[in-house]
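K.L.:
Please see the structure below; I have some questions.
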Amino acid sequence: MREYNATTQAALLDHLASVYRDQPSPTRETELWRVRKGDRDLSCVAVYLPSGIDLRLMEGADFRRTVLVKDAAALPAQAEEWLTALQAHEWNKT
């Protein structure tokens, strides 16, 4: 790129930046399930982090429980464990 003149360099960088901007951003979090009891809603959300997957039990924007899962294969079992415990206390999956 050094052999290009300044105008060509700027145009190429602008083009590359526009291609990057037009890419859809990857999904950082995924809701796995939601439960309801009375007027309360809880959701189980997997948040993808560089250090692993943070499994979160959320009530609105508030954390109720969180655990960092290093092995993605263990994620469904942990989420199912939480769901089973909540359903034992009369929470209903929505």
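The values are calculated or read from the model by the stated rules, or taken from the named source; none is laboratory data. Nothing here was measured: the structure is a model prediction, and the numbers come from that model. Cβ coordinates were reconstructed from backbone atoms using ideal geometry, including for glycine residues, and neighbour counts include every protein chain displayed.
K.L.:
Condition first: among the basic types (K, R) and modelled with pLDDT under 95. Can you find one or more residues in region 51-74 that meet it?
P.N.:
As a first pass, look at region 51-74 and keep what is among the basic types (K, R): 56, 64-65, 70.
Subset that is modelled with pLDDT under 95: 70.
Yes: region 51-74 contains one or more residues that are among the basic types (K, R) and modelled with pLDDT under 95.
K.L.:
Now, a different point. Output the qualifying pairs, or none if there are none: Cβ atoms under 6 angstrom, residues six or more apart or on different chains, first residue in region 57-71 and among the aliphatic types (A, V, I, L, M), second residue exposed (fewer than 15 other Cβ atoms within 10 Å of the Cβ).
P.N.:
Taking only residues 6 or more apart or on different chains, the pairs are L57/R64; L57/R65.
K.L.:
Let me ask another. Return yes or no: is W33 among the aromatic types (F, W, Y), at pLDDT 95 or above, in a helix (DSSP H, G or I) and surrounded by 13 or more Cβ atoms within 10 Å (Cβ to Cβ)? Can you show your working first?
P.N.:
Numbers: among the aromatic types (F, W, Y): yes; at pLDDT 95 or above: yes; in a helix (DSSP H, G or I): no; surrounded by 13 or more Cβ atoms within 10 Å (Cβ to Cβ): yes.
So W33 does not fit the description; no.
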